Amino acid sequence: MTETVMIVTGSSRGIGAATAIRLAATGSTILLTYVANPERADDVVSAIEAGGGRAKAIRADVANEDDCLRTFAEADRIGRLTGLVNNAGVVDVAARLTDMSFARLRRIFDINVLGTILCSREAVRRMSTAHGGKGGAIVNVSSASAKIGSPAQYIDYAAAKGAIDTFTVGLAKEVAAEGVRVNAVRPGIIETEIHASGGDPDRATRVAAELPMRRAGRAEECAEAIAWLLSDAASYTTGAILDVSGGRSILP
Ligand code: NAP
C-alpha cells in the first residue's frame, strides 16, 4: 500500500506541533515545516517517532513560493498527499492602524494569507480528481479575530484571517466535486507562544477570566477539531468554519 502523507505548516510549536502529533496517530507520515526553530521541530519529530509514528521536518517559509514548492516535492517523495493543515501564522505587536508600517502589513498578509493560498494551490494540484488525484482534505487555521476585528490590537491580522475564512468557503465550493474538502478552525485565545511574539506573553492567563469558559484553550483542543475535519468522519463537511474558542467568537 502506498504511504500517505499530511503536511502541517508551522508545526515546530503551538497548535501546529499538537496537530502534527495528533495526526501522526492516523498512520500517515507527517511533514512538518518551521522557519526559525529546527530544534523544536526535531523535538516534535522525536515525540511522534517515540509514539510509533513517522515524521520529517523541513525549514520552509510558507510565504516563499520556492520553499512552498520544495515542501510539496518532499511530500511527493514520501507518499500520496491526503491532508494539508495551513497552520503557520503570525501576529505583530498591538498597534492602531495609523501606526502600522507597510513592512508589517506585507508580512502579516504574506504569511497568513498568501502562504495559505500558495500551499492550498499545491495541495489541490495533487489531491483533486480533476488533476489525476484521489482526493484529500485541507484545514485552514483562521482566528476568532476574523469575527471580532481586534481593534487597537491587530486589525491587520484580523483582516488577514477574514480573508482565510472567505478563501475557505470559496475553495471548498470550487473543489467540492473533485474529492477535496476544505474547512477551517477559528481558535480563540489558546496558550501558545504566539502571544509573546505579539509582545504580550501573559495574555492567555490575563484574559482567561473574561472568556465565556473562564479559561484559555489548549493547542491539543484545536488539534482535535483539525483532526476531525481532516478525517473521513467529516466526509460530508466542507466549507465549514469551526469555532474552537470556548465561546469567545459568539457574536453578542
Ligand atoms: P506559535 O506558537 O507562534 O507558532 C507558530 C508556528 O508557525 C511556529 O511553528 C513557527 O515556526 C511557524 N511559522 C511562523 N512563520 C512561519 C512561516 N513564514 N512559514 C512557516 N512556518 C512559520 O503560533 P500558534 O499560537 O500555535 O498559532 C498557530 C495558528 O493558530 C496561527 O495561524 C495563528 O494565527 C492561529 N491562532 C492562534 C491563536 C492563539 O491564541 N494561539 C488564536 C487564533 C488563531 P518557528 O518555530 O520556526 O518560528
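The values are calculated or read from the model by the stated rules, or taken from the named source; none is laboratory data. All of these numbers come straight from a predicted model, not from anything done at the bench. With ideal geometry, Cβ positions are generated from the backbone for all residues, glycine too; neighbour counts draw on all protein chains shown. Ligands, DNA and RNA are stripped out before the accessible areas are found, and what is left, the full protein with its side chains, is counted by its heavy atoms. Shrake-Rupley method; radii C 1.70, N 1.55, O 1.52, S 1.80 Å.
Side notes on the structure shown:
- The Cβ shell under 15 Å around ARG186 holds other residues with a net charge of -1, Lys and Arg each +1, Asp and Glu each -1.
- Here the average projected area of the convex hull drawn through the C-alpha atoms of segment 4-250 stands at 12.4 nm².
- Cα gyration tensor shape for segment 14-92, rounded if a/c is under 1.5, else prolate or oblate: oblate
- Within-12-Å neighbourhood charge of ASP165 [Cβ basis; K, R +1; D, E -1]: +2
- About the centre of its Cα atoms, the chain shows a dipole size close to 360 debye [charges on the beta carbon of Lys, Arg (+1) and Asp, Glu (-1) only; nearest 20 debye].
- DSSP bridge pairs, the chain: antiparallel proportion in percent, nearest 5: 0
- Relative to the longest principal axis of the Cα atoms of the chain, the long axis of helix 219-230 lies at roughly 40 degrees.
- Accessible surface of segment 99-187 [probe 1.4 Å, protein heavy atoms]: carbon and sulfur percent: 58
- Solvent-accessible heavy-atom area per residue, rounded to whole Å², over segment 4-250 at 1.4 Å: 44
- Environment charge of ILE21, counting only residues whose C-beta is closer than 15 Å and scoring Lys/Arg +1, Asp/Glu -1: 0
- Residue of ILE30, ILE148, ILE111 that the Gaussian network model of the chain assigns the largest fluctuation, springs spanning Cα pairs under 10 Å: ILE148
- Under the Debye formula (equal points on every Cα, no solvent term), log10 I(q)/I(0) of segment 94-159 at q = 0.14, 0.20 Å⁻¹: -0.54, -0.81
- GNM top mover of ASP110, ASP202, ASP92 - the chain, alpha-carbon springs below 10 Å: ASP202
- Selection among SER150, ILE58, THR71 by position relative to the dipole of the chain gives SER150 as farthest towards the positive end (Cβ unit charges, Cα centre).
- Only the Cβ atoms of Lys and Arg (+1) and of Asp and Glu (-1) were treated as charged; on that basis the dipole of segment 30-71 about its Cα centre amounts to roughly 160 debye.
- Most fluctuating residue given options VAL139, VAL124, VAL207, as computed from a GNM of the chain linking Cα atoms under 10 Å: VAL207
- Nearest-ten-degree value, helix 65-78 long axis tilted from longest Cα axis of the chain: 40
- Listed residue (GLY179, THR33, CYS222) projecting farthest to the positive dipole end of the chain, Cβ model: GLY179
- Our coupling estimate for segment 199-209, obtained by passing each phi through the Karplus curve with A = 6.51, B = -1.76, C = 1.60 and θ = phi - 60°, is x, 9, x, 8, 4, 4, 5, 5, 8, 3, 5 Hz, Gly and Pro reported as x.
- Separation between Cα centres of segment 137-157 and segment 214-252, rounded to whole Å: 14
- LYS173, LYS161, reordered so the largest accessible area comes first (probe 1.4 Å): LYS173, LYS161
- For segment 1-110, chymotrypsin sites (Phe, Trp or Tyr not before Pro) are listed when DSSP marks them as loop and at most 11 other Cβ atoms sit within 10 Å of their Cβ; the list is empty.
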